[in-house]
């Protein structure tokens, strides 16, 4: 009978009655001020560590655009002689601790421009050269109705300067071995990119396709010295295809890890011999960068400084809040 | 849609016959769609909404290759989801709500006091009186059980021809063919859906219209579509956002044009398409950015708002503290789109009877022959009287003793009460009496009299049977001198079994006193004192008097009376004259005090609401005294108020004078032109009458007839201004139209949210006119509830509805909106900043899948968690501090200001979210020397930062914990999945971000960047809030702080004793009495312990119609029935159209 009468009575649960146990963070002084203090100190600690680490990274940058302020490679800048070889020399007074990484850097180069960035065909790069390249690749889609492999602006504009490094020891040039293996992401090399498969050689696999317009060699001949470093799996190609987020960027070219240079570049004079092919001088600059890395990656002072600044601000804020709190606390409690 | 139906023909009990016409069944549905039309129709409707159309437009932009900056799925997925959710909601709204399997042509039985739940008009049994009387009488005579009645009715071979379904409540035409004879059917012979059966235990009916076709449903389409102020605000903001969007896109388009110009040499590597120059590229970029930045107008906004409102509506339905056990009625949110407005109410317009009061009267005190009874505290034992009503209690033994001793004046007093009324008695079994009284007052008096031993048992048109102290006596009823608003009294003329002729009269004190015999002078003084006492206790009073009459005189009088009652001209006047003539030189018997019980907690609720700065205006059809009395009783008017102005002028000038005087008294320096100035300056702009502060507290009581003048154009501002200066406003004797007009007036000139609460049909117009209408689901029928937005059983639940549910809903909605705009602006602005670093090429910062899923998946649950679970303080604290309600009234949580702050905040956050990763990743590499500053890694970093920002919460229930951490987990799970080898191998082109998560999120500097970004976004806000709390704590901060310091307050259960010395009104409802019904010749003659019978002469059908109420609002008191439902609807329409 009772239940009959109360047929419409709502359920008594914490949810329906909005009585769910809850935790409500309160911005109380006991919580906020020490919080700021702790965060401030922690951040300063992290910041200092980052900063020192960053300071310990050695970086050597050489602009070789050949125009303007830096004149290295100016003889090649007009792009008249092809190929044009130029030298950039530098000397080290201390050991450049290894492993040393050699990067090329481009600035004001908009790899992140949308039309540029979409101008590729991931399916093709995954080994399917028989299909017609995606429309996004236009105008580097076809030549004479034959598909371009790899198609698109990114591939077409692949960076094609080459570098070789020599140490000058007693007037003779000693080649520093540059290691070009494993400079791309593992996932790019093993999964994202794939060479077309065919009976026979790689060249057969690319049969029926055209090389990109700007390329001097077809994809399967990118690295004549290493048969496995060709086609879509060429390491330099992979690195290039991972487009940069910002208009100033640097990309890994080689590592110096072997031979006499496994521990780094010893003090001395060096010559970087550059085959100057890549034309950016009309809109940007190019440079070459030697750097080593730490646990926090490459040289970037910003993060350390930012942590220190934010940490300091936190400390300042905690003092300000303490003052305010002390001043208003009592007036408040009376209210 | 129906085929046009011109007439309807149906056979009783012949479903097969009736089915061929395909009449609507008794399922109420909005029935817009069927299975096949649903999809196209629904989609068509949905795309008519501007937001959806906008997204369709975006979708079209996206398939243009030159413009497309995002894959199609980024828009399609949310759009489809939104459309699907809306479609599902529409479909569920559209699904049949089965009531009862009743079809046209069925004969059904209705029971007393039940709403006509089968939702059909029924043609009625007063047919029984006219046409099939014999059958029905035969049934009564045989005392057959109900089941037999069914059997006989089952073969009832009537055929009805009637009009097609229409929405006219006051009209019905048709004929019944039965046994070869035709009987006409008119409006008085049908029962409409939604009405309540009264005064008879049951009746039979034949279903004529069902479901959709019922007149009530035909009327329902007229309900206005209400929008909340947040809605309106949102619309304005969306427009602003569109402008912002356009500005941003123009800036970026121009930027693109310039970039294309300057960086022309980059075309070496990225040749332009044919025919695209810098300017055209800029133009295309404009559209591309429209697509990318469309997230500032998030598609999910409207859907989310709806879902949140729906959720908060369910909380109202589920609230046990708004459930009324006695009538088993839970609160109901009938409109699910107005919740947050409940947190912004500034004005409440309340009906009185049944809303503030229970509409249940109890006989509390009486004064007989100069002695006052009912002042003790111990309850009287009525066991000596076998016919006593066990529910009745009275607290004075001396009265019982007096009755037992047989004091003649006491007997006479109760005899009067047992005879002078228009109640009807039902005796289901011996001694089990049930009175059906026209007004609760009468019911109370007759019940009291019954307990004291003067039991009214039955009546016929000519006779009243009363058990007087156990002896049955039959009084001849010679005349009923009925009640009306002018007479304010009623009398009966009876002949006792001994043959003594008497006139018994009861009425308002002032009226009856004028007609007393001089010899009563001394008694009058004593009784007056008692009356004052009763009134001081807030009781409604009546004075009783009698007069013995001569046989000869009465014969003469009766003859003239009969002539007058059949007169064609001036019938009323002639009768009045006759009444005046006989109702004089009466002898005073005594007085009664009846308590019009306030509902529980009314005064406390009103006190709470006024603490929350809500102004309560009572709009009642009652008389001024009654209304004032209630005003005192529920603490709206107080003795200590500086002044209470009464406006009762009978001409426009008088009313204006009174208003002006009141205004000057409250604010002596107020100048007369204020109101006109406000009008003049603002000109065409929305006119707003500002609140003017006054010293002291004032009350305003305004009469219906004065209100009519005051609501006229030139004076309405004067009225509003004066009324708004007063703390309390009571409008009495108002018509439903005026109720609506008052609401409209406030709505029009005050930038404030209004709420109207009522329980009767006369409140419908007001309920519909106000921003929010609340219906009390009480005894008055369903009409108020049906047109309301929220309904519950008791007035006191209003405080919970507003102070708890309303406040929370508002808080949640505002928090949601602020958060939602913040979240999406931050999201979008990052794109804006990035444009400067990607050649304005409409490149996105984030992965396209992230863009697709950001609102729909990653942040949906935290948003939902916040907007369904967030509380600043719990309900007890909300009651403890009604002031917490004030920010809502002032729109403080979501206004243009807060929106601007929100934009600024998101600009800051977006700068942080973009530039910190930018600077941290600039020319850096992984710890193995490989690339980490590539586009995809940067995208992942930025979006992760953004997402973590989006998970900020203030109130953590277990569910929100789950939602927040769950969302974060889902984010990482989905991200790793989408960037996994498997997904790439299966959908190569759709998931190009393969491996990014693995290669990026294992880097220390990436995590340090995320940490830095988050801290940099969150800490300034924390510091700002903390300082604000210290320097300028809001009421919320204070209360929240206190909740931490002390345990929650106990639920308050204080009853405020009222201490009023006011004179009371008289205890009558203000409608015409039942007099002519009682003496009607059609009145069914029955033996004293009669069978239950349905009777309702054609002249009257009080109590059988949906709009009837005991205290009618009609100033004339005539025909307070269904005709008026139509009028109120019509009046309402007139108001709306005006």
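What follows draws every value from the coordinates through simple rules; no lab data is involved. Since the model is a prediction, treat every value here as computed from it, not as a measurement. Cβ: placed from backbone, ideal geometry, glycine included. Neighbour counts: every protein chain shown.
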Reduced to Cα centres, the span from region B:864-941 to region B:605-629 in Å works out to 44 Å
Provide Rg over Rh for region B:277-359; use the alpha carbon set for both Rg and the Kirkwood Rh (inverse mean inverse pair distance).
-> 1.37
In nanometres, what is the gap between the two model label sites at residue B:639 and residue B:901, each 7 Å from Cα along Cα-to-Cβ?
-> 4.6 nm
Sorted largest first, the C-alpha extents of chain A along its principal axes in whole angstrom are 93, 65, 38
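How high is the relative contact order of chain A? Use alpha-carbon pairs under 8 Å, at least six apart in sequence, and give a whole percent.
Relative contact order of chain A: 35 percent.
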Full extension from residue B:173 to residue B:280: what is 0.36 nm times the residue separation minus their Cα-Cα distance, to one decimal in nm?
-> 31.3 nm
By counting other Cβ atoms within 10 Å of each Cβ, how are B:961, B:831, A:30, B:705 ranked from fewest to most?
-> A:30, B:961, B:705, B:831
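At a 10 angstrom cut-off on C-beta neighbours, averaged per residue, how do the peptides B:344-356, B:940-952 rank from highest to lowest?
Ranked by mean Cβ neighbours within 10 Å, highest first: B:344-356, B:940-952.
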What's the FRET efficiency of residue B:378 with residue B:468 using the Cβ-Cβ distance as r and R₀ = 35 Å, to the nearest 0.05?
-> 0.85
Which whole-number value in Å³ per residue fits the convex hull of the alpha carbons of region A:269-313?
-> 146 Å³
Label points 7 Å out from Cα along the Cβ direction at residue A:59 and residue B:576: separation in nm?
-> 10.3 nm
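Counting pairs of alpha carbon atoms under 8 Å apart in space and at least six apart in sequence, what relative contact order in percent does region B:807-1033 give?
Result for region B:807-1033 is 27 percent.
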So how much slack lies between residue B:258 and residue B:272, counting 0.36 nm per residue of separation and subtracting their Cα-Cα distance, in nm?
-> 3.6 nm
Arranged by the count of other C-beta atoms within 10 angstrom, fewest first, what order do B:263, B:16 take?
-> B:16, B:263
Per-residue average of other protein chain Cβ atoms inside 10 Å, peptide B:364-373 -> 0
Of A:156, A:87, A:300, the most mobile residue in a GNM of chain A (C-alpha springs, cutoff 10 Å) is A:300
Which whole-number percent gives the relative contact order of region B:361-597, counting Cα pairs below 8 Å spaced six or more residues apart?
-> 22 percent
Quick one: what does P(r) look like for region B:843-949 with 5 Å bins over all Cα pairs, in whole %?
-> 2, 9, 13, 15, 16, 13, 10, 8, 6, 4, 3, 2, 0
Taking only Cα atoms of region B:807-1033, the Rg to Rh ratio with Kirkwood Rh works out at 1.02
Taking chain A as the reference, fit the longest principal axis to its C-alpha atoms, fit the long axis of helix A:29-56 to the helix C-alpha atoms, and give the angle between the two in degrees, 0 to 90, nearest 10.
-> 10 degrees
Which whole number gives the average, over all residues in A:235-245, of C-beta atoms from other chains lying within 10 Å of the residue C-beta?
-> 4
Would you kindly state how much longer the chain becomes between residue B:73 and residue B:57 on full extension, computed as 0.36 nm times their sequence separation minus their alpha carbon distance, in nm to one decimal?
-> 4.3 nm
How many Cβ atoms of partner chains, on average, are near each residue of B:915-922 if near means within 10 Å of its Cβ?
-> 5
Taking R0 as 51 Å and r as the Cβ-Cβ distance between residue B:91 and residue A:186, the FRET efficiency 1/(1 + (r/R0)^6), rounded to the nearest 0.05, comes to 0.55
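If we count other beta carbons within 10 Å of each Cβ, what is the order of A:13, B:566, fewest first? Can you show the working numbers first?
Working: A:13 12, B:566 8.
Final ranking by Cβ density, sparse to dense: B:566, A:13.
Would you mind putting B:273-281, A:172-180 in packing order, based on average other-beta-carbon counts within 10 Å, highest first?
Going by the mean number of other Cβ atoms within 10 Å, highest first, we get A:172-180, B:273-281.
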Label-point separation, residue B:522 to residue A:175 (7 Å along Cα→Cβ), nm = 14.3 nm
Take the alpha-carbon centre of region B:441-514, take the same for region A:85-115, and report the distance between them in whole Å.
-> 113 Å
Set the Förster distance to 60 Å, then compute FRET efficiency between residue B:236 and residue B:585 from the Cβ-Cβ distance, nearest 0.05.
-> 0.25
On each of the three principal axes the extent of the alpha-carbon atoms of region A:117-189, given in whole Å and largest first, is 56, 29, 21
Can you tell me the order of B:809-815, B:310-316, B:974-980 when each peptide is scored by its average per-residue count of other Cβ atoms within 10 angstrom, highest first?
-> B:809-815, B:310-316, B:974-980
